[in-house]
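Below is one structure; the comments refer to it alone.
The values are calculated or read from the model by the stated rules, or taken from the named source; none is laboratory data. All values derive from a computational prediction rather than experimental measurement. So basically every Cβ, Gly included, is an ideal-geometry build from the backbone, and we count neighbours across all protein chains shown.
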Amino acid sequence: MKQDSKCIVIGLDGATWELLDPLMKAGKLPTLKKMIEGGAHGVLKSTIPPLTGPAWVSFATGKNPGKHGCFDFQLPRDSLHQIELISSKDIKGEAFYEVLDRHGKRCTLINLPCSYPPRIGGPVITDFLTRGSQFVFPESLTQEIPEFKQYRVVPKPHSNIRRYINDIRDLERVRFECAKKLFQRDWDFFFILFQATDWIQHKMYDRLLAGEEPEAIKLYEQLDGYIKWFVENAGEATILIMSDHGFHAYDKAFAINKWLMEQGYLKVKPTETKSSTFRETAQKSVKVPVFLLKHRGLLKFGTFLYTISQKVLPITPKITTTPNPASIAYSILSSANGDCCGIYINSKKRFRNGSVEAEDYERVRSELIAKLQKLTGKDGGRIFRSVLKREDVYSGECLNRAPDVFAISDGYNIRPFSEDDGGNEHSPDGIFIAYGEDIKKGVGINNAEIIDLAPTILHLMKTPIASDTDGKVLKEIFKEGSEPARSIIKYQAAGEREGMHTRIKGLKASGKI
């Protein structure tokens, strides 16, 4: 590999082999098929839970959420009443693109979740967690690239599914046109995320698996064409295709907060329904009156509104109940998604208005775990295949900010309150493809995790890896005799990184780099 090694990462949010494999066999995705035949591929394991927020931050840092501190889209601060959206300011430590930037590598990021506010000079096009109206950095790019005047971070809400699909296709078309202009500038690392796959799959993943919805399938063909353009214009750069998590069509659901209420762990504070401006008051929540929890029809309508806001709107206000200060345990609503949920214990040691004394914490947690482990569904089978303490899932200095308990189901979609149907939600198994002159051809890989990509990218680009990184370099993807296969993996301690940072700043200031 040449000295100026480059890397391109293309994200397909929520993409899964369960859907892509039949589409490739049907000839719908020729570019992805070509990349698999000419590269390495496999399943990419997501985080626990498999949520977009912690998954993409784990991708960016190579660390588990116990180290980087982002466990969800939202985090409770000093109270279970005070739940706020995360931003890049919540990421503990450095992302790999910051490391590259420190070493003089030029990085372009387009639509990377939790990239607002930008932590590098740019170009950075931030994501749907952006506060305010500016998502193009530097802002001068909107004048230099006219296509950015039509750029959007999320689609418009549509009751008509065909209009919704077409609007998503138009959004991704504009994103691609803007990306092409940035791609033609100088860069060493280039990232772009196409989020359409996630939006569509939440709506109709089950129907896509059944071969229905031809209009939606056109979207996948469109994205395959965009990937083809990148492949044809990549030069000698290595290309990685990935998703942050997979998807699953669930046929049954379990309402975790409803169960916590029935067991006396959760007491809901009566509130009035309030509106929220999606950008200006992004930290606020939309409250759900208690009466909705007692009437299934009304609750279903409220859940529908929640789903629309969660999947479509620019800054997601969460429909949430407010836990009464006397509550013992609570699962914040965005944590209940797919086959896993996190549960917070309202500890006095942790929260200013907590209800559980420090000496009672372990007893309460053990009791909660034991009850969840014994839960069975209508078919007699267990609802949860494992119920774990947070220290069994994560490790690191941010561990005390994590949910106290994680419940992982066996085929149930874990929801906050509604159990009306299963639904299309996240699963742990994402996708990974590596393609380029240094990559083995036509091989499958096993045991790849989303935390492995940051160290793999840094190794590809001849940049030291933080010694406290959890992920591993995926050396099995590299062709025998290639430079990344021959090269020794270099690690760097925190103190060394700080010293290097100072030296690089000095070199930049002197104009030597």
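Of note:
- Selection within region 231-272 - in a helix (DSSP H, G or I) and within 27 Å of residue 428 (Cα to Cα): 256, 257, 258, 259, 260
- Restricted to region 146-173, and to residues there that are of a type in the set (A, V, I, L, M) and not in a helix (DSSP H, G or I), the residue that is farthest from residue 207 (Cα to Cα) is 153.
- Filtering region 69-79 to residues that are at pLDDT 90 or above and within 12 Å of residue 49 (Cα to Cα) leaves 70, 71, 72.
- Filtered residues of region 70-79 (kept if in contact with a strand residue (DSSP E or B) (Cβ under 8 Å, 6 or more places away or on another chain) and not aromatic (Phe, Trp, Tyr)): 72, 74, 75, 76, 77
- Qualifying residue in region 460-473 (condition: in a helix (DSSP H, G or I) and surrounded by fewer than 21 Cβ atoms within 10 Å (Cβ to Cβ)): no
- Residues considered: 188, 170. Of these, the only one that is crowded, with 18+ Cβ neighbours inside 10 Å and among the acidic types (Asp, Glu) is 188.
- Residue 80, sole failed condition from (1) buried (at least 22 other Cβ atoms within 10 Å of the Cβ); (2) assigned to a helix (DSSP H, G or I); (3) among the aliphatic types (A, V, I, L, M): (2)
- Residue match in region 357-366 (condition: among the polar types (S, T, N, Q), in the same structural domain as residue 266 (by TED's automatic domain parsing) and modelled with pLDDT under 95): no
- Residue, surrounded by the most Cβ atoms within 10 Å (Cβ to Cβ), within region 450-459, restricted to residues that are of a type outside the set (A, V, I, L, M, F, W, C) and over 18 Å from residue 429 (Cα atoms): 456
- Filtered residue count, region 415-454, keeping only those that are within 21 Å of residue 384 (Cα to Cα) and basic (Lys, Arg): 1
- Residue check, residue 404 in contact (Cβ under 8 Å) with a residue 12 or more places away in the chain, under 27 Å from residue 267 (Cβ atoms) and among the acidic types (Asp, Glu): yes
- Residue in region 438-449 that is assigned by TED's automatic domain parsing to the domain that holds residue 203, among the charged types (D, E, K, R), surrounded by fewer than 13 Cβ atoms within 10 Å (Cβ to Cβ) and touching a Lys or Arg at 6+ places or on another chain (Cβ under 9 Å) present: yes
- From 419, 397, residue being out of contact with any helix residue (DSSP H, G or I) (no Cβ under 6 Å at 6 or more places or on another chain) and under 27 Å from residue 470 (Cα atoms): 397
- Filter result (part of a helix (DSSP H, G or I), closer than 14 Å to residue 449 by Cβ and of a type in the set (A, V, I, L, M, F, W, C)) within region 21-56: 55, 56
- Qualifying residue in region 478-488 (condition: in the same structural domain as residue 227 (by TED's automatic domain parsing), part of a helix (DSSP H, G or I), under 21 Å from residue 37 (Cα atoms) and among the small types (Gly, Ala, Ser)): yes
- Residue 66 at negative phi, in a helix (DSSP H, G or I) and modelled with pLDDT under 95: no
Residue-wise test of (1) surrounded by 21 or more Cβ atoms within 10 Å (Cβ to Cβ); (2) out of contact with any Gly (no Cβ under 8 Å at 6 or more places or on another chain); (3) acidic (Asp, Glu); (4) at pLDDT 95 or above.
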{"site": "394", "(1), (2), (3), (4)": "yes, no, no, yes"}
{"site": "402", "(1), (2), (3), (4)": "yes, no, no, yes"}
{"site": "413", "(1), (2), (3), (4)": "yes, no, no, no"}
{"site": "421", "(1), (2), (3), (4)": "no, yes, yes, no"}
{"site": "429", "(1), (2), (3), (4)": "no, no, yes, yes"}
{"site": "433", "(1), (2), (3), (4)": "yes, no, no, yes"}
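- Test result for residue 176, of a type in the set (Phe, Trp, Tyr), in contact (Cβ under 8 Å) with a residue 60 or more places away in the chain and under 27 Å from residue 142 (Cβ atoms): no
- Selection over region 427-450 of residues that are in a loop (DSSP other than H, G, I, E, B) and under 12 Å from residue 44 (Cβ atoms) gives a count of 1.
- Qualifying residue in region 20-35 (condition: out of contact with any His (no Cβ under 6 Å at 6 or more places or on another chain), closer than 30 Å to residue 322 by Cα and among the β-branched types (Val, Ile, Thr)): no
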